[in-house]
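Here's the structure, in structure tokens; my notes come after.
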Amino acid sequence: FLNTVEHWGDDETSTLYKEFRRTFRVPFPVFEGILQDAYASGEFTDERKKKKGARATPLALKIMGALKIMAVGCPISSVSLECGVSNGQLNPFFHAFTNWMVATYYDKYVYLPDKDELPLCEQVYRLLGLPGCFASMDGVHLAWDNCHAPLMPLYKGKEQYPTVAYNVTSNHARRILCVNGPYPGSKNDKTMARMDAAISKARNDNAYLEYEYPMYTSNGEGYTQKGAWILCDGGYHRWCVTICGYKTATKEGNPDTYYWSKRCEHVRKDAEDVFGILKQRFRILRVPSTLASEAKITAVFKTCCVIHNMLLDWDGLSDHGTLLSEWTTKDENDLRKSAYAVRLLNQKTSYKLITNPDGTPRVIRLTDDTTYASGLFSSAEEPDTVTETESGYDEARCRLIEHFSFVKRSKSLLWMQTVAAAREAAAKQNM
């Protein structure tokens with residue numbers, strides 16, 4: 001690649017350009033920017049500490065080796081043979097590189113929206129019928145094969161093998177906003193929520209507490225509501241900033257609650273999408289980790305999150321959904337055509353489209369078996385964890401159901417189009 005880069009480095013249509021991204025998971029210009037920043041930091045160099053001995057390995061080659069390790073999830077020794085860098089060089093460099101990536105880029109690319117960016121995140125969920133929501137949240141567990149024996153009981157959850165857990169917050173464009181962890185695998189979502197930075201900010205930051213957005217009563221009367229919140233599943237505390245749908249709502253008993261809960265379930269799949277994308281792009285997250293410590297696993301996971309957001313920026317997908325032309329009106333039950341279902345079905349992850357007894361389709365996540373094959377798992381449960389319910393939580397959900405019911409009756413619900421469909425529609429308009 002490097003010997004002929006002057007011929008293809010800037011040509012996105014070149015076969016070698018595409019092959020470079022497939023192999024190392026980043027476009028060459030992004031790789032080149034990382035390389036230049038690594039040189040400028042002064043932490044890495046092409047020069048040897050000792051004057052005698054073999055010539056130093058180029059920094060570019062070592063960074064490519066580190067990216068390849070994360071991409072394919074193979075042992076470091078395997079990549080060292082492929083790229084011609086000794087295992088003694090590549091092993092310490094890999095960990096130094098991931099630590100440097102987190103220290104240099106994490107705060108720049110992974111951050112919660114500020115006062116100016118919050119309306120852009122919230123308006124996407126408002127169009128989906130969930131006003132006030134600005135992100136989705138879920139827990140992810142990474143299998144840890146090298147967990148120390150005395151720590152096994154602490155790191156074993158329902159999967160019956162040790163895992164390291166993280167609580168991840170993302171927006172509907174699949175951009176990662178916050179990563180909290182690591183936590184022992186036996187901890188569930190309720191425990192992680194108590195220490196989550198995104199939840200803490202939503203509960204204490206005035207920019208979130210005083211954020212105003214329009215809502216409607218069931219009769220169509222408009223009013224203004226305050227307080228941004230996060231969409232989650234039923235495993236979290238019932239706080240006013242962590243709202244989930246009802247698990248037991250039925251179409252016959254209370255159709256408004258039923259359809260709102262289904263909407264929450266469907267929209268919340270953006271958090272599951274993020275895990276699926278990370279798993280497909282970086283197989284090191286999919287196989288049991290043989291790293292020796294939580295700190296090293298965390299550096300790798302956060303580096304993967306940083307690169308994920310870098311690619312969203314590079315591909316112009318970070319602001320997908322901010323234009324009205326990128327939205328479409330779809331029937332709520334037509335999941336085969338909805339944006340999130342198309343993405344799930346095309347990812348080849350552990351999801352399946354089933355048919356409910358009433359004939360409506362539904363996307364479910366298949367239960368992972370006890371092998372290490374899938375690598376990313378839903379959070380373990382702690383049966384002794386008590387669910388807290390804040391005052392005003394049920395009232396907040398009732399207001400959201402009323403708003404959703406009115407918007408649904410007025411046929412104003414929208415789905416975000418897939419990127420391909422949005423670009424195709426934009427191209428037709430420009431013709």
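Numbers below:
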quantity	calculated
Residue that is farthest from Gly181 (Cα to Cα), among those in the range 194-248 that are among the basic types (Lys, Arg) and in contact with a strand residue (DSSP E or B) (Cβ under 8 Å, 6 or more places away or on another chain)	Lys226
Helices (runs of 4 or more DSSP H) (entirely within the range 1-116) containing at least 2 residues that are out of contact with any Leu (no Cβ under 6 Å at 6 or more places or on another chain), modelled with pLDDT of 95 or more and under 30 Å from Asp205 (Cα atoms)	87-109
Filter result for Met215 (open to solvent by less than 10 Å² (accessible area, probe 1.4 Å), in the same structural domain as Ser405 (by the TED database) and over 22 Å from the mean Cα position of the chain (by Cα))	yes
Filter pass, Thr169 being among the β-branched types (Val, Ile, Thr) and at pLDDT 95 or above	yes
Some residue of the range 151-168 being within 29 Å of Pro214 (Cα to Cα) and open to solvent by less than 30 Å² (accessible area, probe 1.4 Å)	yes
Meets criteria (of a type in the set (S, T, N, Q), open to solvent by less than 40 Å² (accessible area, probe 1.4 Å) and either modelled with pLDDT under 90 or farther than 26 Å from Tyr166 by Cβ (or both)) for Thr250	no
Entirely in the range 133-233, the strands (runs of 3 or more DSSP E) that have 1 or more residues that are under 21 Å from Gly392 (Cβ atoms) and in contact (Cβ under 8 Å) with a residue 12 or more places away in the chain	133-143, 212-216, 222-226, 229-231
Sole residue being open to solvent by less than 20 Å² (accessible area, probe 1.4 Å), in a helix (DSSP H, G or I), out of contact with any Pro (no Cβ under 9 Å at 6 or more places or on another chain) and in the same structural domain as Gln417 (by the TED database), chosen from Glu272, Glu265	Glu272
Test result for Val164, modelled with pLDDT of 90 or more, within 17 Å of Leu112 (Cβ to Cβ) and of a type in the set (A, V, I, L, M)	no
Filter pass, Asp233 being open to solvent by 30 Å² or more (accessible area, probe 1.4 Å) and under 20 Å from the mean Cα position of the chain (by Cα)	yes
Failed item, numbered, when Pro119 is tested on (1) at pLDDT below 90; (2) in the same structural domain as Trp229 (by the TED database)	(1)
Residues within the range 74-94 that are closer than 16 Å to Thr23 by Cα and open to solvent by less than 20 Å² (accessible area, probe 1.4 Å), tallied	2
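The values are calculated or read from the model by the stated rules, or taken from the named source; none is laboratory data. Just so you know, these numbers come straight off a predicted model, no measurement behind them. Please note: Cβ atoms are built from the backbone with ideal geometry, for glycine as well, and neighbour counts cover all protein chains shown. Note: areas computed on protein heavy atoms with side chains; ligands, DNA, RNA excluded. Shrake-Rupley method; radii C 1.70, N 1.55, O 1.52, S 1.80 Å.
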